[in-house]
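Asks: The structure under discussion is supplied below as structure tokens; questions concerning it will follow.
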Amino acid sequence: MALTKIIIERKIKPGMENEFKRLMQEVLSRAVHSDGFISGETLQSVDDPTLYVTISQWKDISFWNDWVNSTERKKRQEEYERILSEPTRILALRYE
């Protein structure tokens, strides 16, 4: 197993901040209970208040893949899509 960090970049439509924050908290509260989840945080850009970056850590990429492909996560991603101004960008990184 290799510890994995997932970086998710989302750019939301102006005025959708409250909806985004509600959804983000909902997703994180469910991810916390997923096998292999270690930690997660979401940050807002200082220069662009519509840009949010979520960083999560997983015991292994396989645990992330199980979560991201789950029905629960897919449903939430569809909700995110309604409030995004650009497609979600995901970067998976592992420790060497």
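Asks: Would you say S29 is closer than 12 Å to T4 by Cα and either polar (S, T, N, Q) or in a loop (DSSP other than H, G, I, E, B) (or both)?
Replies: Working: closer than 12 Å to T4 by Cα: no; either polar (S, T, N, Q) or in a loop (DSSP other than H, G, I, E, B) (or both): yes.
No: the conditions fail for S29.
Asks: Taking L43, is it more than 17 Å from I90 (Cα to Cα) and of a type in the set (A, V, I, L, M, F, W, C)?
Replies: Spelling it out, it is not the case that L43 is more than 17 Å from I90 (Cα to Cα) and of a type in the set (A, V, I, L, M, F, W, C).
Asks: Within region 35-68, count every residue that is of a type outside the set (F, W, Y) and outside any strand (DSSP E or B). Even if it seems obvious, please write down each step before you answer.
Replies: Kept after step one, since they are of a type outside the set (F, W, Y), are these residues of region 35-68: 35-36, 38-51, 53-57, 59-62, 65-66, 68.
Next cut, outside any strand (DSSP E or B) only: 35-36, 45-50, 59-62, 65-66, 68.
Qualifying residue count for the region: 15.
Asks: A follow-up question, please. Pairs needed: first member in region 6-26, within 13 Å of T42 (Cα to Cα) and touching a residue at least 12 places away in the same chain (Cβ under 8 Å); second member anywhere, surrounded by 15 or more Cβ atoms within 10 Å (Cβ to Cβ) and among the basic types (K, R); C-beta distance under 7 Å; at least 6 residues apart or different chains.
Replies: L23/R76; E26/R76
Asks: Looking only at residues that are β-branched (V, I, T) and loosely packed, with under 14 Cβ neighbours inside 10 Å in region 1-40, which one is nearest to the chain's Cα centre (by Cα)?
Replies: For region 1-40, the residue satisfying everything is I7.
Asks: Let me ask something else. Out of all the residues in region 69-96, which are aromatic (F, W, Y) and part of a helix (DSSP H, G or I)?
Replies: Y80
Asks: Moving on. Under 11 Å from the mean Cα position of the chain (by Cα), of a type in the set (A, V, I, L, M, F, W, C), at pLDDT 95 or above and under 19 Å from L3 (Cβ atoms), is that true of W64?
Replies: Numbers: under 11 Å from the mean Cα position of the chain (by Cα): yes; of a type in the set (A, V, I, L, M, F, W, C): yes; at pLDDT 95 or above: yes; under 19 Å from L3 (Cβ atoms): yes.
It is true that W64 is under 11 Å from the mean Cα position of the chain (by Cα), of a type in the set (A, V, I, L, M, F, W, C), at pLDDT 95 or above and under 19 Å from L3 (Cβ atoms).
Asks: Also, I was wondering about something else. Filter region 41-69 down to residues that are in contact (Cβ under 8 Å) with a residue 24 or more places away in the chain and polar (S, T, N, Q) and give me whichever is surrounded by the most Cβ atoms within 10 Å (Cβ to Cβ).
Replies: The residue in question is S56.
Asks: Take region 81-96 and flag every residue that is among the basic types (K, R) and either in contact with a His (Cβ under 9 Å, 6 or more places away or on another chain) or under 28 Å from D60 (Cβ atoms) (or both).
Replies: R89, R94
The values are calculated or read from the model by the stated rules, or taken from the named source; none is laboratory data. Quick caveat: nothing in here was measured; it's all calculated off a predicted structure. Quick reminder, even Gly has a Cβ in these numbers, built from the backbone with ideal geometry, and neighbours come from all protein chains shown.
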